[in-house]
Amino acid sequence: MSGELVRLLAGRGEVVHGVDSDAEILERAREATESSAAVRYTLAEAPHGLPAGPHDVITCVAVLHHLPFAETLARFRRGLAPGGTLVVVGCARAASRGDHALGLLAVPLNMAAGWLKNRGRTAARPVSMTAPVREPEMTFAEIVSEARRLLPGARLRRRLFWRYTLVWRAPSR
């Protein structure tokens, strides 16, 4: 977590919580955040150390595959305020040759996008790219099945390459 998403969301809520289990990454995020921003950073292991709710929105990007899937979704569900929204951008394991081919295609496409974004300049490796990497264990079909069991009505969509989105709104009670 480099804090980019936290800083982006900071102007949209009273307080935005950023959570990471790596103290060095968290310190970098703090340093890059203006002191006046309505942001709180917490050093914690997910899913147990997450800040107590209720939260209007819980979101994570490329994180869920590092955590126990069912336990984490259940913790997110409990942490949402009535009517709150969970938004996940996740990574799934390739399930077929077609998935593997798309994954291989991602490498040159990501390099080209980076080159275009930086107009050919060599860019420093972003802080968000320095965290340890863990390959996803669940396929998209497995994620859909488990997510819908835990979060009835969840909307899941497969995205480019190995990514997916999951959106779920907690009942208003």
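Filtering the stretch 10-28 for residues that are outside any helix (DSSP H, G or I), in contact with a His (Cβ under 6 Å, 6 or more places away or on another chain), more than 25 Å from M138 (Cα to Cα) and open to solvent by 80 Å² or more (accessible area, probe 1.4 Å) leaves an empty set.
Looking only at the stretch 129-162, residues that are modelled with pLDDT under 85 and under 23 Å from T85 (Cβ atoms) come to 1 in all. For the stretch 31-58, the set of residues classified as in contact with a helix residue (DSSP H, G or I) (Cβ under 7 Å, 6 or more places away or on another chain) and in a strand (DSSP E or B) consists of V39, Y41, L43, H55, I58, listed by residue number.
Considering only the stretch 77-93, state which residues are open to solvent by 30 Å² or more (accessible area, probe 1.4 Å) and of a type outside the set (K, R). Listed by number, the residues that qualify are P82, V87, V89. Taking the stretch 29-43, which residues are under 16 Å from T59 (Cβ atoms) and either among the β-branched types (V, I, T) or buried (at least 17 other Cβ atoms within 10 Å of the Cβ) (or both)? A29, V39, Y41, T42, listed by residue number. Counting the residues of the stretch 65-76 that are surrounded by 15 or more Cβ atoms within 10 Å (Cβ to Cβ), in contact with a helix residue (DSSP H, G or I) (Cβ under 7 Å, 6 or more places away or on another chain) and either touching a residue at least 60 places away in the same chain (Cβ under 8 Å) or outside any helix (DSSP H, G or I) (or both) gives 2.
The values are calculated or read from the model by the stated rules, or taken from the named source; none is laboratory data. For clarity, every value in this text was computed on a predicted model and none was experimentally measured. Virtual Cβ from ideal backbone geometry, glycine too; neighbours counted across all protein chains shown. What goes into the accessible areas is simple: the full protein's heavy atoms, side chains included, and nothing from ligands, DNA or RNA. Shrake-Rupley method; radii C 1.70, N 1.55, O 1.52, S 1.80 Å.
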